[in-house]
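A.B. asks: Submitted below is the structure of interest, expressed as structure tokens.
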Amino acid sequence: MDSNLRNLKDFLTLYNKVTELCFSRCVDNLSQRDLGGQEDVCVDRCVTKFARFNQNMMKVYVDVQTTINAKRMEEVEENARKAEQLQKEQEKERLKEAAATAVLTPVQPPVAGNLSM
């Protein structure tokens, strides 16, 4: 699902929940066309309370997520360093093994005497 569409869906879900909750808490008389004075104040307070709560939650989420991301980056960098060090050690071991198993062939000295061909 596209992230913008998911964000819109999340927003609308939250909006519907807040609307339903505030309506059920604040609206007593369904026979009136407009909200009464107390109902209007109640709805404003209810929506404001949830908006502030949501804003504070998002601030905490951003702070916590930033810390989590920083730790993850440190872990990734540490793992990369360890992998690089392991690769260097393996390369050294491979070179040592290759040097130990290398067969040295003696070089024949040139024959002195008949140089003509």
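A.B. asks: If a residue has to be acidic (Asp, Glu) and under 32 Å from the mean Cα position of the chain (by Cα) to count, how many in segment 1-48 make the cut? Break it down stepwise before answering.
C.D. replies: Step one: list which residues in segment 1-48 are acidic (Asp, Glu), which gives 2, 10, 20, 28, 34, 39-40, 44.
If we keep only those that are under 32 Å from the mean Cα position of the chain (by Cα) as well, we get 2, 10.
Number satisfying all stated conditions: 2.
A.B. asks: For residues that are charged (D, E, K, R) and at pLDDT below 90, scanning just segment 6-21, find the one that is most open to solvent (accessible area, probe 1.4 Å). Outline the logic, then answer.
C.D. replies: Of all residues in segment 6-21, those charged (D, E, K, R) come to 6, 9-10, 17, 20.
If we keep only those that are at pLDDT below 90 as well, we get 6, 10.
Numbers: Arg6: 111, Asp10: 87 Å².
Top of the filtered list is Arg6.
A.B. asks: Go over the candidates Ala51, Ala80, Ala70 one by one and state the one that is farther than 30 Å from Thr19 by Cβ, free of Cβ contacts under 8 Å to residues at least 60 places away in the same chain, more than 16 Å from the chain's Cα centre (by Cα) and open to solvent by less than 90 Å² (accessible area, probe 1.4 Å). Reasoning before the result, please.
C.D. replies: Numbers: Ala51 fails: farther than 30 Å from Thr19 by Cβ; Ala70 fails: more than 16 Å from the chain's Cα centre (by Cα).
Result of the check over Ala51, Ala80, Ala70: Ala80.
A.B. asks: Listed residues Leu104, Leu35; which is closer than 24 Å to Leu14 by Cα, outside any helix (DSSP H, G or I) and at pLDDT below 95?
C.D. replies: Only one candidate passes the filter, namely Leu35.
A.B. asks: Filter segment 18-31 down to residues that are part of a helix (DSSP H, G or I) and either under 16 Å from Met58 (Cβ atoms) or of a type in the set (Gly, Ala, Ser) (or both), then give me how many there are. Spell out the reasoning first.
C.D. replies: Going residue by residue through segment 18-31, those that are part of a helix (DSSP H, G or I) are 18-26.
With the extra rule that they be either under 16 Å from Met58 (Cβ atoms) or of a type in the set (Gly, Ala, Ser) (or both), the set shrinks to 18, 24.
Adding up the residues that qualify gives 2.
A.B. asks: Which condition number in (1) modelled with pLDDT of 90 or more; (2) open to solvent by 100 Å² or more (accessible area, probe 1.4 Å) is the one that Asn114 fails?
C.D. replies: Only one criterion is unmet by Asn114, namely (1).
The values are calculated or read from the model by the stated rules, or taken from the named source; none is laboratory data. Fair warning: this is a prediction, and the values are worked out from it, not measured in the lab. FYI the Cβ positions are ideal-geometry reconstructions off the backbone, even for glycines, and counts take in every protein chain you see. Calculation scope for accessible area: heavy atoms of the full protein, side chains included, ligands and nucleic acids excluded. Shrake-Rupley method; radii C 1.70, N 1.55, O 1.52, S 1.80 Å.
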